[in-house]
Amino acid sequence: MASNDSTSKTIIVALALCIVCSVFVSTAAVMLRPAQQLNKDLDRKTNILAAAGMLKPGVSVDEQFANVTTRAVDMKTGKFTDAVDVSSYDQRKSAKVPSMSTDLSEDEDIAKIGRRADYALVYIVEGDSGIDKVILPIKGYGLWSTLYGFIALESDLNTVAGLGFYEHAETPGLGGEVDNPSWKAKWVGKETYGEDNKAVLTVIKGAVDNTRPEASHQVDGLSGATLTSRGVDNLIKFWMGDNGFAPFLANLRAGEA
């Protein structure tokens with residue numbers, strides 16, 4: 001009988017301990033959620049500023065981001081919209097919801113993203129004479145992973161102000177060189193569109209020959225990382241193309257966004 005009592009007590013104590021631990025974990029998760037969200041927002045703002053070449057060390061990120069306006073764009077019309085709340089909208093999650101996204105055909109889906117969210121958050125930097133920079137979210141598949149990042153355009157909505165990826169799982173030292181500041185610097189000043197307003201910005205195999213006229217829209221490929229380079233090339237072509245932000249940028253140039 002004593003043995004049974006001992007077993008019962010052990011089970012009761014174990015259950016009580018599980019309940020107490022679960023309460024502590026749940027409470028901690030709830031209490032930490034606001035801090036986690038603040039850190040997530042801070043990281044997003046940091047990456048946006050860095051991609052645009054606007055991040056200044058020693059200055060509050062929130063202070064710097066005060067010059068950036070977040071707007072939602074309807075990807076079907078290429079125009080600004082109030083259909084989603086920019087403070088809470090999650091473009092990444094929306095891309096997985098059929099009612100909030102568009103299924104891409106094999107020919108359209110050169111970036112290998114599967115579905116494109118119907119709304120995108122873009123970031124506008126205003127200057128004294130109007131738009132100074134536009135920062136656009138981009139993503140696409142490389143060799144091992146989906147790369148998530150931002151590309152920034154100057155006020156002409158054609159010249160690249162900067163590019164950066166904040167999440168990927170490419171091979172360190174090879175495809176992982178998308179994080180290398182010297183490679184990212186090669187994008188600055190490149191032209192996104194040609195005279196016919198078609199996307200011409202591309203990552204080539206090898207080094208760019210700067211004596212040739214097409215060098216203005218070419219970026220060196222990553223050495224030893226052909227498939228990652230091709231992935232970046234494809235995602236740039238997609239997001240700068242007709243199924244990406246090209247209609248929005250055309251409307252913005254014409255003052256019709």
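A few notes on this one:
- Each of (i) 49, 42, 38; (ii) 92, 44, 42; (iii) 53, 50, 40 is a candidate for Cα extents along the principal axes in Å; the one calculated from this structure is (ii).
- Least to most buried among Val68, Val232 (fewest other Cβ within 10 Å first): Val68, Val232
- Loop-located trypsin sites (Lys or Arg not before Pro) in the stretch 165-200, at most 14 other Cβ atoms within 10 Å (DSSP): Lys198
- Calculated from backbone phi, Karplus (6.51, -1.76, 1.60) coupling profile of the stretch 178-188 in Hz, x at Gly/Pro: 4, 8, 5, x, 5, 6, 4, 5, 5, 7, 5
- Label separation (Arg212 vs Glu108): 3.2 nm, computed from points 7 Å beyond Cα along the C-beta direction.
- One decimal place: the segment Ala185-Lys56 gains 44.8 nm when fully extended, by the rule 0.36 nm per residue minus the C-alpha distance.
- Each of Lys9 and Val97 was given a label point 7 Å from its Cα along the Cα-to-Cβ line. The distance between the two points is 5.3 nm.
- Take the Cα of Ser129, step 7 Å toward its Cβ, do the same at Phe80, and the gap between the two points is 2.1 nm.
- Placing unit charges on the Cβ atoms only, positive for Lys and Arg and negative for Asp and Glu, gives the chain a dipole magnitude near 660 debye about its Cα centre.
- Sum of side-chain charges, Asn234 neighbourhood, beta-carbon under 12 Å (Lys, Arg +1; Asp, Glu -1): +1
- Radius of gyration over Kirkwood radius for the stretch 79-142, both on Cα atoms: the Rg/Rh ratio is 1.04.
- Whole-Hz Karplus values for the stretch 46-52 come out as 4, 5, 5, 5, 5, 4, 8 Hz, taken residue by residue from phi with 6.51 cos²θ - 1.76 cosθ + 1.60 and θ = phi - 60°; glycine and proline positions read x.
- Efficiency of FRET between Glu256 and Thr171 - r from beta-carbon atoms, R0 41 angstrom, step 0.05: 0.40
Quick note: the coordinates plus some simple rules give every number you see, no bench work behind them. Nothing here was measured: the structure is a model prediction, and the numbers come from that model. FYI the Cβ positions are ideal-geometry reconstructions off the backbone, even for glycines, and counts take in every protein chain you see.
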